[in-house]
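First up is the structure itself, then whatever we jot down about it.
Every read-out reported here was derived from the displayed coordinates using simple, explicitly stated rules and does not represent laboratory data. Values in this document were obtained by computation on a predicted structure and should not be read as measured data. Neighbour counts are summed over all protein chains in view; Cβ atoms, including those assigned to glycine, are modelled from backbone coordinates with ideal geometry.
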Amino acid sequence: METLVTIVVISVGVLGSINLINNSFGLATIAKNKLIAADLAQEGFELVRNIRDVNYLNNNNWLQGLDSCLTSSGCLIDPVSGGQVVTVPAPSSIDDVKMCYGTNGYYSTTTNCGASQAVNFQRVIKISLIGAGDGGIKIISRVRWQEKGIWKDFGTDGGNFEYHLCDWKNPNPSISCY
């Protein structure tokens, strides 16, 4: 009888440990995906800021090249296209957006993605003018991913991250930028 009780106690301890380890791996995956989503959203803001800054350096309008981002469906900005940032209109649904993880270690937004490079993340960038558009824009970077067959959004307002960017060459004091 004592042997049976010992076997039951040890079995419960071992099964509990296995369950704890299994749950830890699942939580680590969730944390990793949230971190990647936050980084992809931040990268979206930085890509728009980079386009603005390059426009300043080339003496162009500060929003040149971002026209497709000012639409209701937003745009896809691919930082990996031959060293140049490429902006293309987003599909009508975020469900049609594809991202790849390239051999160079970067995430890329593209329509030509091999099955081995496809990832379960999607990013669409939308820009709207603040006020009458005299000096500021609101950037929304929506990131989502699929986890265990369920789509997850990260951030507020359905997965949107928001950032305000100003035309610092022609500032408007009534616009708040951060």
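In table form, for the structure just shown:
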| read-out | value |
| --- | --- |
| Debye, to nearest 20: dipole size of the chain, +1 on Lys, Arg Cβ, -1 on Asp, Glu Cβ | 40 |
| Length-normalised contact order of region 1-132 in % [C-alpha pairs under 8 Å, at least 6 apart] | 18 |
| Computed magnitude of the charge dipole of region 1-101 (debye, nearest 20; Cβ of K, R +1, Cβ of D, E -1) | 100 |
| Cα-Cα over 28 Å, subset of Lys98/Lys138; Lys32/Lys169; Lys98/Lys169 | Lys32/Lys169; Lys98/Lys169 |
| Mean ellipticity per residue at 222 nm, deg cm²/dmol - from DSSP H runs of n ≥ 4 across the chain, formula -39500 (n - 2.57) | -12000 deg cm²/dmol |
| Answer label for volume of the Cα convex hull per residue in Å³ (calculated), chosen among [x] 159; [y] 107; [z] 144 | [x] |
| Residues Cys166, Cys75 arranged by fewest to most Cβ contacts within 10 Å | Cys166, Cys75 |
| Positive minus negative residues near Asp39 (Lys, Arg vs Asp, Glu; Cβ under 12 Å) | +1 |
| Segments 62-68, 90-96 sorted - mean Cβ within 10 Å per residue, highest first | 62-68, 90-96 |
